[in-house]
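Report on one structure; see the data block that follows.
The values are calculated or read from the model by the stated rules, or taken from the named source; none is laboratory data. Fair warning: this is a prediction, and the values are worked out from it, not measured in the lab. Positions of Cβ are generated from backbone atoms using ideal geometry, with glycine treated the same way; all protein chains shown enter the neighbour counts.
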There are 2 protein chains.
Amino acid sequence: MKKYLGIDLGGTNVRVGVVTEDGTVLQQVKSVSYAQDGVTKVLDNLKQMVYGIEDYKSCSGIGIGLPGPCDTVHGKMVLSTNLPGFAGYPMVEELQKDFGLPVFIDNDANVAGLAEARVGAGKGLPIVFYITMSTGIGGGLIVNGQTVSGRSGFTGEIANLIIDRNRKKVNYLNIGAIENEASGTAIKRKAKEAMPDRTFEHTGQVIDLAVEGNMQAKMIFDQFTYDLAQMFSEIGAVLDPDMYVIGGGMTKSADKFMPTVIEKYRTLVHEQLRDTPFALAKLEEPGIIGAAMLPISKGC
Amino acid sequence: MKKYLGIDLGGTNVRVGVVTEDGTVLQQVKSVSYAQDGVTKVLDNLKQMVYGIEDYKSCSGIGIGLPGPCDTVHGKMVLSTNLPGFAGYPMVEELQKDFGLPVFIDNDANVAGLAEARVGAGKGLPIVFYITMSTGIGGGLIVNGQTVSGRSGFTGEIANLIIDRNRKKVNYLNIGAIENEASGTAIKRKAKEAMPDRTFEHTGQVIDLAVEGNMQAKMIFDQFTYDLAQMFSEIGAVLDPDMYVIGGGMTKSADKFMPTVIEKYRTLVHEQLRDTPFALAKLEEPGIIGAAMLPISKGC
């Protein structure tokens with residue numbers, strides 16, 4: 001069975017795994033990514049990690065998931081807030097020369113979605129929309145087992161999607177952008193505003209309070225679940241995917257809020273879209289597995 | 001050069017063309033479609049038209065554009081308001097048997113988008129989103145030269161996309177659905193409400209009035225151009241396409257309203273999406289050409 005190297009290069013850590021074509025992780029190594037030390041240090045560290053894998057040369061290709069939008073055609077990041085210096089840097093060209101193997105990159109949400117669409121919750125489905133909900137809200141679109149990256153690497157990057165134009169301005173994102181209304185950060189912001197006497201460490205506490213019947217938490221819950229429902233209805237109206245796959249930290253509370261989201265979603269779509277399945281991401285290592293699936297999806 | 005049959009089967013007329021792989025229409029015939037006489041009559045008429053084309057058997061495949069969402073996998077329409085009886089009818093199976101050629105179907109907006117993405121305004125671009133604006137608003141998504149149809153045939157069918165949840169209920173569509181706020185029908189409805197003494201035959205008259213400085217028409221113009229801008233921003237946030245291609249009757253006035261739409265759109269998207277090109281559909285026969293491109297896109 002063919003093997004691939006899957007690399008999850010983040011702003012904090014980097015992980016390199018050897019993955020079979022059916023998505024089994026045979027071995028993996030992890031290191032800090034040295035993001036603040038610049039491009040050369042980050043790539044030197046990455047190369048040493050790869051060289052340290054005994055038979056990496058027997059792999060059929062290398063895929064790398066990155067924390068930002070990518071120009072997958074030219075093999076460069078478009079924006080790299082968490083990996084300073086990488087925007088525009090020809091990393092694919094350099095790494096292909098070094099490793100002597102085909103190298104592909106894509107952003108981490110697309111890569112996680114690719115893993116779920118190929119060997120995870122949406123295995124084999126033609127159109128999978130992957131949504132990650134944690135401090136922010138992002139996503140990725142997988143069509144026929146391939147990531148769709150977009151003109152500027154922003155396909156699936158729904159943070160700025162407007163769900164209600166009658167909200168207040170929060171930051172550089174649009175008024176009513178979903179990330180400012182229903183992300184973990186947004187829910188905690190609203191909870192602090194409504195309940196200044198309480199402290200909230202994480203989103204789950206707000207959701208738990210709502211479930212227990214606290215009226216202020218309930219109002220926040222009602223609003224963000226409707227906002228998420230509208231987000232899904234907008235994605236549905238544009239794409240009609242075969243499945244929504246949901247990942248990210250907020251999924252820890254998914255059983256408490258997703259049934260409400262789905263119920264409201266069904267009131268906002270055509271009859272034929274009401275039964276589109278919602279599934280939780282199910283892979284333990286979507287970052288490494290999805291990265292390894294990049295070269296497979298390109299025919300390597 | 002290979003040739004294909006492209007069929008544009010609508011609720012009123014049916015047109016059959018012989019098209020080369022580069023999109024040249026070599027010959028075409030047209031007939032009423034007999035939609036109200038039922039499936040058998042419609043298909044018998046269609047078959048006679050095809051048999052009448054001397055060397056149709058030398059074509060490499062047949063594509064058919066249809067007026068409603070299609071299950072392209074099983075070769076059936078999902079909804080067929082304008083072709084009674086076709087929903088669920090195994091038309092591809094029957095026609096393949098009769099013609100002895102591979103047959104593919106898809107809805108007319110997807111087919112027109114396919115033509116524009118392969119040989120029209122968006123020739124060769126990876127992601128083309130085609131929007132048709134006339135009495136209604138619909139669309140189609142083309143990725144890497146193939147139509148994306150969706151779980152229920154609704155990919156690109158953006159009529160129900162919410163652009164403002166604080167509007168009035170108009171019909172079965174969502175409150176604030178784009179088709180009820182910015183289609184030709186919607187613009188005429190708003191004009192009649194605001195100016196009951198005037199009569200409007202078509203949308204262009206309302207737009208002309210606004211351009212001339214009529215205040216009531218200007219308010220309608222300001223609203224629907226913002227609504228369209230938000231629609232494009234929502235599609236952009238989900239898809240980041242390489243180009244928006246715009247077709248349909250409203251494009252006759254495109255020079256009067258699209259610059260305003262694009263200007264507003266740019267205030268509602270990430271910096272990287274501001275320069276996404278908008279182009280008018282440029283093919284004279286997108287229905288026939290796009291239908292003929294269906295078998296090409298499937299490798300025939």
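Taken as a whole, the structure places B:L239 among residues that are of a type in the set (A, V, I, L, M), in contact (Cβ under 8 Å) with a residue 40 or more places away in the chain and in contact with a helix residue (DSSP H, G or I) (Cβ under 8 Å, 6 or more places away or on another chain).
A single member of B:E181, B:E212, B:E193, B:E201 is within 19 Å of the chain's Cα centre (by Cα) and either surrounded by 22 or more Cβ atoms within 10 Å (Cβ to Cβ) or more than 30 Å from A:G140 (Cα to Cα) (or both), and it is B:E181. Just name the residue that is surrounded by the fewest Cβ atoms within 10 Å (Cβ to Cβ) out of those in segment A:234-248 that are under 19 Å from the mean Cα position of the chain (by Cα) and within 9 Å of chain B (Cβ to nearest Cβ). Among those that are under 19 Å from the mean Cα position of the chain (by Cα) and within 9 Å of chain B (Cβ to nearest Cβ), it is A:D242.
In the set (1) under 16 Å from A:E234 (Cα atoms); (2) surrounded by 24 or more Cβ atoms within 10 Å (Cβ to Cβ), the condition left unmet by A:I187 is number (1).
Screening A:D106 with (1) in contact with a Gly (Cβ under 7 Å, 6 or more places away or on another chain); (2) under 26 Å from A:D227 (Cα atoms); (3) within 14 Å of chain B (Cβ to nearest Cβ) gives one miss only, at (2).
Residue check: B:I105 meets all listed conditions (1) surrounded by fewer than 24 Cβ atoms within 10 Å (Cβ to Cβ); (2) farther than 28 Å from B:E181 by Cβ but one, namely (1). Applying the condition of being acidic (D, E) and not in a helix (DSSP H, G or I) to segment B:231-242 and asking which residue is farthest from A:L141 (Cα to Cα) yields B:D242. Taken as a whole, the condition of being of a type in the set (K, R) and touching a residue at least 12 places away in the same chain (Cβ under 8 Å) applies to B:K76.
Please specify each residue of segment A:243-252 satisfying the condition of being in a helix (DSSP H, G or I) and either touching a strand residue (DSSP E or B) at 6+ places or on another chain (Cβ under 9 Å) or outside the structural domain of A:A159 (by TED's automatic domain parsing) (or both). Matches in segment A:243-252: A:G249, A:M250, A:T251. Any residue in segment B:70-77 that is surrounded by fewer than 16 Cβ atoms within 10 Å (Cβ to Cβ) and within 14 Å of chain A (Cβ to nearest Cβ)? The answer is yes; a qualifying residue exists.
Within segment B:251-300, the set of residues being in contact with a Gly (Cβ under 6 Å, 6 or more places away or on another chain) and within 14 Å of another protein chain (Cβ to nearest Cβ) comprises B:V269, B:L273, B:S297.
Residue selection: A:P259 satisfies the criterion of being surrounded by fewer than 22 Cβ atoms within 10 Å (Cβ to Cβ), assigned to a helix (DSSP H, G or I), free of Cβ contacts under 8 Å to residues at least 12 places away in the same chain and at negative phi. Is one or more of the residues making up segment A:196-203 touching an Asp or Glu at 6+ places or on another chain (Cβ under 8 Å) and modelled with pLDDT of 95 or more? So far as segment A:196-203 goes, no, none of its residues is touching an Asp or Glu at 6+ places or on another chain (Cβ under 8 Å) and modelled with pLDDT of 95 or more.
Of all residues in segment B:82-98, those that are surrounded by fewer than 22 Cβ atoms within 10 Å (Cβ to Cβ) and in contact (Cβ under 8 Å) with a residue 60 or more places away in the chain total 1. For B:G23, the stated conditions hold: it is in contact with a Leu (Cβ under 8 Å, 6 or more places away or on another chain), on the phi > 0 side of the Ramachandran plot and surrounded by 14 or more Cβ atoms within 10 Å (Cβ to Cβ). Selection of segment A:250-300 for residues being among the basic types (K, R), in contact with a helix residue (DSSP H, G or I) (Cβ under 8 Å, 6 or more places away or on another chain) and farther than 30 Å from B:V78 by Cβ yields A:K252, A:K256.
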